[in-house]
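Novice: Okay, here's the structure, questions in a sec.
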Amino acid sequence: MSDTSVLPADAVRIRGLTKTYAGSKSAPPKEALKGVDLTIPRGSMFGLLGPNGAGKSTLINILAGVVNKSGGEVSVWGRDLDRDPRGVRAALGVVPQEISADVFFTPREALEVQAGFYGVPANRRRSDELLAALGLADKAGAYVRALSGGMKRRLMVAKALVHNPPILILDEPTAGVDVELRRQLWAYVRELNAAGVTVILTTHYLEEAQELCDTIAIVNRGEVVACEPTPVLLRRLDTRNVVVVPEGELAAVPELEGFEASARPGGAFAVTYRKGHGSVEQVLAAVRAAGVTIQDVSTEDPDLEDVFVALTYGDASRPDPTRD
Ligand code: ADP
Ligand code: MG
């Protein structure tokens with residue numbers, strides 16, 4: 001339906017996206033997305049980075065049409081998800097997080113079936129080309145169940161590409177893929193991106209997002225807490241933890257002015273600050289101001305979860321992204 005000669009400026013535009021999973025007898029309803037705004041420029045290599053349970057797969061699955069959104073607006077390649085779901089589907093190749101294998105097909109058959117599903121005419125199919133590109137040429141006629149996890153995942157990537165979509169989405173593509181295959185997969189994804197394909201990938205590894213993506217959105221607890229060009233974001237992620245052992249026992253983790261503290265075993269607590277927007281000095285001053293007497297202090301590099309927490313809280317200490 002849409003005019004394919006006019007390319008949209010943005011591959012994906014999401015406004016106010018919400019998703020609440022209905023609860024059951026044993027589980028309360030779960031608000032997985034709390035009003036997400038996201039713009040993914042055409043041609044970008046875009047990373048959705050966040051810890052497990054952040055809502056990444058929920059967002060991807062809404063785009064893919066396998067989860068219904070609760071509210072908000074989604075447009076993919078200029079097509080509205082509510083008005084033109086088929087148009088959206090045609091614009092996307094999605095590699096889901098879970099490895100699924102068609103046990104009754106060979107890889108070549110699996111690609112042919114998928115191409116048929118997308119209505120790709122026989123003379124425009126490129127099963128063998130895709131199998132070769134993903135290093136599966138010699139497995140074209142093998143039983144899929146005989147493939148390793150990494151091979152199955154690469155087959156899933158091939159399946160996602162049978163209809164030549166302008167957007168490729170990979171949900172946690174590294175799971176179950178060994179280091180060598182990961183290199184190959186990334187090399188191929190980079191090639192696709194260089195050829196103009198917009199690539200969106202989710203990961204909970206900062207390293208992976210950092211290595212591959214030109215833009216990174218950080219998702220935590222159903223919210224986008226940062227979305228920036230990778231180098232800008234990396235400067236902001238330059239954080240450290242101060243671990244404080246208080247004198248005596250505290251009833252609770254102290255409320256600190258300008259910082260967020262989290263409990264550690266043995267009555268200690270950790271405070272995360274961003275270099276350039278705080279210092280050990282300032283953290284300790286805030287701790288003392290909260291009435292805590294300090295017995296011992298150490299510093300450490302934070303893990304990603306600490307970083308997410310630091311980005312999610314403490315708006316007062318959050319740098320103005322327009323000033324970087
Ligand atoms: P991520 O991919 O970032 O790990 P998910 O989107 O899978 O996060 O999950 C986000 C939240 O929604 C989690 O708390 C998860 O437990 C919950 N969730 C995901 N899928 C379902 C579902 N089908 N029913 C109920 N809750 C779900
Ligand atoms: Mg997931």
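Novice: Based on the Cβ-Cβ distance of Q295 and E223, what FRET efficiency does E = 1/(1 + (r/R0)^6) give at R0 = 41 Å, to the nearest 0.05?
Specialist: Details: r = 36 Å, r/R0 = 0.88.
So the FRET efficiency works out to roughly 0.70.
Novice: Sticking with this one: Got a sec to turn the phi values of segment 81-88 into Karplus ³J(HN,Hα) couplings, 6.51 cos²θ - 1.76 cosθ + 1.60 with θ = phi - 60°, whole Hz, x for Gly and Pro?
Specialist: 4, 6, 8, 9, x, 5, x, 5
Novice: Continuing with the same structure: On C-alpha positions alone, give me the angle between the axis of helix 107-117 and the longest principal axis of the chain, in degrees, nearest 10.
Specialist: Roughly 90 degrees, rounded to the nearest 10.
Novice: A follow-up question, please. Given the chain, what percent of its DSSP beta bridges are antiparallel, to the nearest 5?
Specialist: Working: 38 of 56 bridges.
Approximately 70 percent, going by the DSSP bridge assignments.
Novice: Over the chain, what lengths in whole Å, largest first, do the semi-axes of the equivalent ellipsoid take, defined as the square roots of 5 times the eigenvalues of the alpha-carbon gyration tensor? Walk me through the intermediate numbers first.
Specialist: Working: eigenvalues 361, 91, 70 Å².
Each semi-axis is the square root of five times an eigenvalue, giving 43, 21, 19 Å.
Novice: Tell me, what HN-Hα J-couplings in whole Hz come from the Karplus equation 6.51 cos²θ - 1.76 cosθ + 1.60 at θ = phi - 60° for each residue of segment 230-243, using x for Gly and Pro?
Specialist: 3, x, 5, 5, 4, 4, 6, 7, 6, 10, 9, 9, 10, 9
Novice: Give the angle, between 0 and 90 degrees and rounded to the nearest 10, that separates the Cα long axis of helix 149-160 from the longest principal axis of the Cα atoms of the chain.
Specialist: For helix 149-160, the angle is close to 70 degrees.
Novice: Here is a follow-up. Can you bin segment 109-156 into rounded, prolate or oblate? Criterion: square roots of the alpha carbon gyration tensor eigenvalues sorted a ≥ b ≥ c, rounded for a/c under 1.5, prolate for a/b above b/c, oblate for the rest.
Specialist: Working: a/c = 2.24, a/b = 1.77, b/c = 1.27.
The shape class here is prolate.
Novice: Starting at the first residue of segment 263-278, write each ³J(HN,Hα) from the Karplus equation 6.51 cos²θ - 1.76 cosθ + 1.60 with θ = phi - 60°, in whole Hz, x for Gly and Pro.
Specialist: With coefficients 6.51, -1.76 and 1.60, one gets 5, 10, x, x, x, 7, 9, 10, 10, 9, 9, 9, 4, x, 10, x Hz.
Novice: Further question: Working from Cα positions, state the angle (0 to 90°, nearest 10) between the long axis of helix 179-194 and the longest principal axis of the chain.
Specialist: Rounded to the nearest ten degrees, it is 70.
Novice: Which entries of K34/K56; K25/K56; K30/K69; K56/K159; K19/K56; K139/K159 have Cα-Cα distances beyond 18 Å here? Please report the intermediate quantities before stating the final value.
Specialist: Working: K34/K56 12 Å; K25/K56 25 Å; K30/K69 13 Å; K56/K159 21 Å; K19/K56 12 Å; K139/K159 15 Å.
Result: K25/K56; K56/K159 exceed 18 Å.
Novice: Hey, another quick one. Where Lys and Arg each count +1 and Asp and Glu each count -1, what net charge lies around G150 among other residues with Cβ under 9 Å from its Cβ?
Specialist: On the way: positive: K152, R153, R154, R182; negative: D178, E180.
Net of charged neighbours comes to +2.
Novice: Based on the Cβ-Cβ distance of R235 and V280, what FRET efficiency does E = 1/(1 + (r/R0)^6) give at R0 = 22 Å, to the nearest 0.05?
Specialist: Working: r = 19 Å, r/R0 = 0.87.
The value I calculate is 0.70.
Novice: Hey, another quick one. For segment 119-218, what class follows from the C-alpha gyration tensor (a ≥ b ≥ c being the square roots of its eigenvalues): rounded when a/c is under 1.5, otherwise prolate if a/b is larger than b/c, else oblate? Spell out each step's value before the answer.
Specialist: Numbers: a/c = 2.19, a/b = 1.31, b/c = 1.67.
Oblate.
Read-outs: derived from the displayed coordinates by stated rules, not from any lab. Here the structure is a predicted model, which is why all the values come from computation and not from measurement. Neighbour counts are summed over all protein chains in view; Cβ atoms, including those assigned to glycine, are modelled from backbone coordinates with ideal geometry.
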